[in-house]
Amino acid sequence: MDKLIIEKTIELKQKSIENLIQKGTLALIVENFYAPELCDSLYNKLRVDKNSEIYTHETIENNKLVLQNYGVNRIGIPFNLTYNTTDEEIINSYYREAQVARERLRKHCYPAFTPIDKLRLNLDEVFVPGATVAHFQNKKMLTGIGRISSESLSYLSELQPHFDALPLKYAAFDKQLAANIYLNTPEEGGELELWNSPDLTPLSQVPKNWRDELPPSIKIKPKKGDLIIFNCRKPHAICAFKGKERITMQVFIGYKDGMPLMLWN
Ligand SMILES: [Fe+2]
């Protein structure tokens, strides 16, 4: 395996971000990014958070946007819920909740930084020209969604890979990355499965049995506290698992040449 495909480090550095953006690194693992005791504390808060709802993932089928259920619950409203609606209330509730959710997460983590705040600050400190909360419609976006998957439905995330690409009407990024901080990892399975195939675009449609048509995958087994940033315009999946819930904090990162990195969910 090309050693640059998966990069492992103990500190987020400019070079590693550039490798992801320009050099074709598939994933960057920053070990022990968030301290284990802080992971445990946030995990215990999120699993009883009353704002937990089903997380859906968007795919395009027959030129129509379809929201798929992969057996994941989420805390925080993802922007993709607003893609296909003209209902102003759904769109407004996304923006209304963005800062509320950010503050709620801060309360959960107080007096420590939230893992997402730590990530955003670290990116701003190491990447030229910086990193910021995205503002696609002249309003600030949510940054940081908690995702909780249980053993019983974990097979749904493994069946077929998917990819994530923000529709061009909001922003035309050169690259889209996804960052996950792992608060709790299952004993068996739960690997992040990645394919080193070409980047897809927001309009790409994928075959029904995509997995069968892709080259061999690369699997990464995250540990509690790890941060993994990967190119999410390439196919990826989460392997089924056994054991305790899998809980991550997730955020997307958009890159456009000469611009600060933009973070959102
Ligand atoms: Fe994804």
Could you give the Stokes-Einstein D for the stretch 132-181 in µm² per second, using the C-alpha Kirkwood radius, 25 °C, 0.890 mPa s?
-> 177 µm²/s
Positive-end residue of 83, 98, 209, charge dipole of the chain with Cβ unit charges | 98
Dmax and Rg, reported as Rg then Dmax, of the stretch 151-209 (C-alpha, Å) | 14.3, 41
Per the 1.4 Å probe, what fraction of the accessible area of the chain, in percent, lies on carbon and sulfur atoms?
-> 53 percent
How many Å² of accessible area per residue for the stretch 118-265, probe 1.4 Å?
-> 40 Å²
Taking a ≥ b ≥ c as the square roots of the Cα gyration tensor eigenvalues, with a/c under 1.5 meaning rounded and otherwise prolate when a/b beats b/c or oblate if not, the stretch 1-101 comes out oblate
Rg/Rh for the stretch 68-194, where both radii come from Cα atoms and Rh is the Kirkwood radius | 0.96
Qualifying trypsin sites (Lys or Arg not before Pro) for the stretch 102-195 [loop in DSSP, other Cβ within 10 Å: at most 10] = 169
Take the alpha carbon atoms of the stretch 175-265, find their radius of gyration, then divide it by 2.2 N^0.38 Å using N residues; give the quotient.
-> 1.18
When the Debye formula is applied to the Cα atoms of the stretch 6-264, each taken as the same point scatterer, what base-10 log of I(q)/I(0) results at q = 0.09, 0.14 Å⁻¹?
-> -0.36, -0.96
What does the helix-only formula give at 222 nm for the chain: each DSSP H stretch with n ≥ 4 adding -39500 (n - 2.57), the total divided by the residues, and the result rounded to the nearest 500 deg cm²/dmol?
-> -7000 deg cm²/dmol
Relative contact order of the chain (C-alpha contacts under 8 Å, at least 6 apart) in percent is 26 percent
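The values are calculated or read from the model by the stated rules, or taken from the named source; none is laboratory data. The structure presented is a predicted model; accordingly, all values stated were derived computationally and were not measured. Methodologically, a virtual Cβ is constructed for each residue, glycine included, from the backbone with ideal geometry; neighbour enumeration extends over all protein chains shown. Accessible surface areas use protein heavy atoms only, side chains included; no ligands, DNA or RNA. Shrake-Rupley method; radii C 1.70, N 1.55, O 1.52, S 1.80 Å.
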